[in-house]
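Read the structure below first, then the notes.
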Amino acid sequence: MHRILGEITKRGPTVLASGCAIGLVIPDLAALARPLLPVMVFIFVLGTLLRINNAEVIKAAKNLKISLIFPALMVVACPYFFGMLSLYISGNQELSLAIAIAVAAPPASGNAAVARMLGLDPSMSLVTALCSMAIIPITAPLILHVFADGLSLSIDPVDLAIRLAILIGGAEGAAILIRRFSQSFVATHGLAIDGIVVIALFLFAIGTMAGMQSIILQTPSLAISMILIAYGVNVCMQLLMGCLYPGSLVSRFTMALNGGNRNVGLLWSALGVSLSPTMALYFACSQLPIHTMPKILQFVLPRIEGLFKKPGLTQS
């Protein structure tokens, strides 16, 4: 079993991307996995917390770029910029609102686990995500207010804060208890924990594809357009955050991952069932780059690292 979990961990990005493919090809399986999403989130957040080095987390939290400046850029400045830009280009209020809300979401809960798979900085990823989550009960309703003029949509900040407190507080509490009473177990079975996290991410990816096949078959041109826009926004956010962050190549790619891969489902669920078809379609399509970009990064990272190792090029 340990060997199997170890192999799964080594192939994490591939496993994650295959989850999307399986969910698209087998819609019944995606529908079965959909109700499991909250449980899967709890599992991979718990697994990440168990595997994180506390000293590294504290060090990252003391860095204001990681704990304050870039979280604010991600959930305040970027949603406004991308929302306004999309409104100017398309003239479609519902699409611009969907993009603004998607970008206003905090970094995805699984980013720290993905960062570990890719050889990036999981502590930095975790701190950025947690600090972003701490402020979105305030920032997300403000972004909604700016872009939802005339639309009957709202986000309850108290409800959102409670959801986040239960998720993070519950996982952190469980992690503290497990570390306290089973520290040796965690140290000995770290690779197995990583494998369980990858499986949880895999099932999560399958579940997020629920309904996507029918959408693509019914409106192929619209769905493809939305998928391309979702990939475009994700890539632009990764490039923007990676270029803006003043650090090593590993730090830049870690911040880029957090910038592109957001927990869109969190704000999607907070908005309830009153979404327009355009917004619901964009939110659904945005799940594809979230789960396939790690595989793309796994391919790109070694080549960029090799480029920086060439004579005459230095890593900042």
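FYI, it's all coordinate maths here, none of it is from the lab. Every value quoted in this text rests on a predicted model; they were computed, and no experiment measured them. We place every Cβ from the backbone using ideal geometry, glycine too, and count neighbours over all the protein chains shown.
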Out of GLY170, LEU249, THR128 - ranked by how far each Cα lies towards the positive end of the dipole of the chain, with unit charges on the beta-carbon of charged residues - the top one is LEU249
For region 2-303, averaging the sequence separation of alpha carbon pairs under 8 Å that lie six or more residues apart and dividing by its residue count, the contact order in percent is 34 percent
What lysines sit close enough to LYS10 to cross-link, taking a C-alpha to C-alpha distance under 21 Å and skipping anything fewer than 8 places away on the same chain?
-> LYS295
For region 2-303, with equal point scatterers placed on the C-alpha atoms only and solvent neglected, what are the log10 I(q)/I(0) values from the Debye formula at q = 0.14, 0.16 1/Å, to two decimals?
-> -1.04, -1.39
Using only alpha carbon pairs under 8 Å that are at least six residues apart, calculate the relative contact order of region 55-155 and give it in whole percent.
-> 33 percent
Could you give the dipole magnitude of region 1-79 about its Cα centre, charging the beta-carbon of Lys and Arg +1 and that of Asp and Glu -1, in debye to the nearest 20?
-> 280 debye
Based on the mean of other beta carbon atoms within 10 Å per residue, what is the order of 99-106, 264-271, most packed first?
-> 99-106, 264-271
Alpha carbons only, please: Rg and Dmax for region 262-310, in angstrom.
-> 16.5, 53
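In nm², what is the average projected area of the convex hull enclosing the Cα atoms of region 122-181? Numbers along the way, then the final one.
On the way: hull surface 20.0 nm².
Over every viewing direction, the Cα hull of region 122-181 projects on average to 5.0 nm².
Ranked highest first by the average count of other Cβ atoms within 10 Å around their residues, in what order do 60-71, 221-232, 202-213, 38-49 fall?
Working: 60-71: 18.1, 221-232: 16.2, 202-213: 23.2, 38-49: 21.3.
Order by mean packing, descending: 202-213, 38-49, 60-71, 221-232.
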Alpha-carbon centroids, region 157-185 and region 242-259: separation in whole Å = 27 Å
Put in order of increasing Cβ neighbours within 10 Å, starting from the fewest, ARG163, ARG303 give ARG303, ARG163
So which aspartates and glutamates can LYS62 reach, going by Cα to Cα under 16 Å and dropping same-chain residues fewer than 8 places off?
-> ASP121
Sequence-distant residues sharing a close amide H with ARG262 (under 5 Å, placed H) = ALA108
